[in-house]
Amino acid sequence: MSGLISVDDARRALAPHALDAGEETIGINDALGRILARDVLAGTTAPPADVSAMDGYAVRLADTKDTGSQLRVTGEVPAGTLPTHAIGPGEAMRIFTGASLPDGADHILIQEEAERSGNHIRVTVPQSAHQHIRKAGRDFSAGDVLVPAGICLTPADLGLTAAGNNATVTVRRRPLVAILPGGDELLPPGSALSPGKIIDSNSAALAALVRSWGGEALTPGIAGDSVAAIRAMIDAVNEADLILPVGGASVGDYDYMKAAFTEAGADILFSGIAVRPGKPTWFARLGQQRVLGLPGNPASAFVCAQLFLRPLMMSTTGPATVFKAALETGLSKAGFRETYLRAVSRQQDGQTIVAPLADQDSSLLRPLQTANCLIRRMPNAPACAAGDTVECVKLD
């Protein structure tokens with residue numbers, strides 16, 4: 001256990017190094033899912049004036065209270081045009097949905113409740129209240145904050161942004177994350193496998209997480225088992241904000257990752273975490289670049305990305321969702337490391353229930369298809385019974 005730090009200490013150590021790639025201004029058609037860096041303000045008022053909510057006639061309510069009342073039609077207002085004159089007592093103006101009301105009008109007589117003959121209409125249904133008018137500024141007024149900074153932009157946010165006459169938004173720039181799997185045994189997906197070789201699945205899974213958390217993933221290839229090979233890969237990703245070396249950081253004879261980064265000038269801040277899975281996780285700074293070393297076992301890499309990579313990308317993804325749930329089955333006494341069990345949570349009778357998956361081996365990928373959360377168990381936690389409450393972390 002010598003040299004290992006706790007999960008909480010690791011997160012505290014990572015906090016000052018959270019990525020901030022700055023801001024950029026982009027078109028709203030490219031902004032879905034991006035994190036807004038600056039408030040979106042309304043550049044106009046909506047509606048810009050009192051407008052009709054229906055097709056019909058702009059009238060004075062006082063002239064339409066009785067069935068059979070006659071009014072003279074003095075003009076027409078299509079949507080997108082302005083009335084040319086006001087209406088007076090006993091007058092009406094043909095109007096269409098979205099068109100501005102003429103001065104003097106305080107009610108819309110819908111066309112289904114009027115009969116027209118030439119330049120006159122007759123009220124067929126008595127009118128008792130002001131209706132079918134959308135008042136100026138009912139939705140928003142110029143200068144209003146339409147979307148606050150920090151929001152992950154949704155289709156509704158972008159529609160509102162456009163309605164406020166904004167063609168662009170300022171968002172947080174996507175950090176560039178380089179994924180460097182290491183190991184002579186690894187081959188890219190689609191390769192013909194020979195004995196002793198395995199497929200690199202970590203690059204695809206981690207790249208997908210990076211993108212889902214608002215970053216850009218760079219996958220330059222697989223580093224061989226030598227300091228020189230890893231150094232060449234480090235040099236190739238010198239534009240990345242964060243490097244994710246995967247594997248090669250345990251205590252085997254062919255684990256060269258930390259040695260290569262140290263030779264490149266990296267300052268290692270911690271070199272192992274008392275966590276299961278993921279004990280070999282480490283962190284360093286290489287100039288302005290962050291370096292988060294993840295375990296090579298696929299489940300370990302995925303879980304540790306959730307626990308330690310996500311906080312580094314907080315500015316583009318936000319915090320992980322933590323929730324309480326009742327255990328469906330009991331758990332035995334925890335070990336000496338903080339443990340995260342892949343699990344499935346669900347709603348049952350208004351309560352959140354969680355069940356750990358049966359096989360927690362760190363090399364297995366198929367359980368990650370099923371798991372939607374992690375059960376957090378503190379070091380040496382006592383055994384739990386079914387129904388006990390546990391803390392869970394939602395998986396992305």
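Of A105, A260, A18, which has the largest mean-square fluctuation in a 10 Å C-alpha GNM of the chain? Of A105, A260, A18, the Gaussian network model singles out A105 as fluctuating most. Summarising the label geometry, the points placed 7 Å from Cα in the beta-carbon direction at E112 and E239 lie 6.0 nm from one another. Look at the alpha carbon pairs under 8 Å that are at least 6 residues apart: their mean separation over the length of the chain gives a relative contact order of 16 percent. When its C-alpha radius of gyration is set against 2.2 N^0.38 Å (N residues), the stretch 122-161 gives a value of 1.99.
Rounded to the nearest 10 degrees, the inclination of helix 202-212 to the longest alpha-carbon principal axis of the chain is 30 degrees.
Across the stretch 200-349, counting alpha-carbon atoms alone, Rg and Dmax equal 16.7, 58 Å.
On full extension, the segment bounded by A385 and T168 gains 72.7 nm, given 0.36 nm per residue less the C-alpha separation.
Compactness of the stretch 178-277, taken as the C-alpha radius of gyration over 2.2 N^0.38 Å, stands at 1.09. Summarising the strand pairing of the stretch 322-394, around 90 percent of its internal DSSP beta bridges are antiparallel. Principal axis analysis of the Cα atoms in the stretch 51-134 yields extents of 31, 24, 20 Å, listed in decreasing size. The spacing between the stretch 168-247 and the stretch 313-391, judged by their C-alpha centroids, is 28 Å.
A Förster radius of 45 Å combined with the Cβ-Cβ distance from A229 to T81 puts the calculated FRET efficiency at roughly 0.05. Counting only DSSP beta bridges with both residues in the chain, tell me the antiparallel percent, nearest 5. About 70 percent, rounded to the nearest 5. Relative contact order of the stretch 51-134, taken over Cα pairs closer than 8 Å and 6 or more residues apart, is 43 percent.
Relative to the longest principal axis of the Cα atoms of the chain, the long axis of helix 227-236 makes an angle of roughly 20 degrees. What fraction of the DSSP beta bridges in the stretch 261-396 is antiparallel, stated in percent and rounded to the nearest 5? Expressed as a percentage, antiparallel bridges in the stretch 261-396 total about 90. Per residue, the convex hull spanned by the Cα atoms of the chain measures out at 201 cubic angstrom. Under 22 Å of direct C-alpha separation, and excluding same-chain neighbours fewer than eight residues apart, K324 reaches these lysines: K333, K394. Computed from label points 7 Å out along Cα-Cβ, the spacing between L368 and A149 is 3.5 nm. Structure remark: mean-square fluctuation, Gaussian network model of the chain, C-alpha springs under 10 Å; the largest value among D267, D225, D30 belongs to D30.
Highest mobility in the GNM of the chain, judged by mean-square fluctuation with C-alpha springs under 10 Å and restricted to N119, N165, N372, is found for N119.
Close amide-amide hydrogen proximity is noted between E391 and R376, each under 5 Å apart and 5 or more residues distant or on a separate chain (H modeled in the peptide plane; Pro and chain starts excluded).
Could you work out how much longer the chain between T44 and S332 gets when fully extended? Use 0.36 nm per residue separation minus the Cα distance between them, nm to one decimal.
Details: separation 288, 0.36 × 288 = 103.68 nm, distance 6.16 nm.
Net length gain for the segment: 97.5 nm.
Could you list the square roots of 5 times each eigenvalue of the Cα gyration tensor of the stretch 322-394, that is, the equivalent ellipsoid semi-axes, sorted largest first and rounded to whole Å? Could you put the intermediate results ahead of the total?
Numbers: eigenvalues 62, 54, 20 Å².
Rounded to whole Å, the semi-axes are 18, 16, 10.
Each label point was placed 7 Å from the Cα along the Cα-to-Cβ direction; for D396 and S6 their separation is 2.6 nm. Residue by residue, the stretch 161-177 carries 3J(HN,Hα) couplings of 4, 5, 4, x, 6, 10, 8, 9, 9, 9, 10, 6, 5, 6, x, 8, 10 Hz when phi is fed to the Karplus relation 6.51 cos²θ - 1.76 cosθ + 1.60 (θ = phi - 60°); x denotes Gly or Pro. Distance distribution P(r), the stretch 71-184, all Cα-Cα pairs, bin width 5 angstrom from 0: 2, 9, 14, 15, 11, 8, 8, 8, 7, 5, 3, 2, 2, 2, 2, 1, 1, 0, 0 percent. Summary of packing: across the peptides 193-200, 138-145, the per-residue average of other C-beta atoms within 10 Å ranks them, highest first, as 138-145, 193-200.
None of the figures in this text is laboratory data; all of them are computed from the coordinates on show. Model, not experiment: these values are computed from the prediction. Here Cβ is always computed from backbone atoms with ideal geometry, including for glycine, and neighbour counts include all displayed protein chains.
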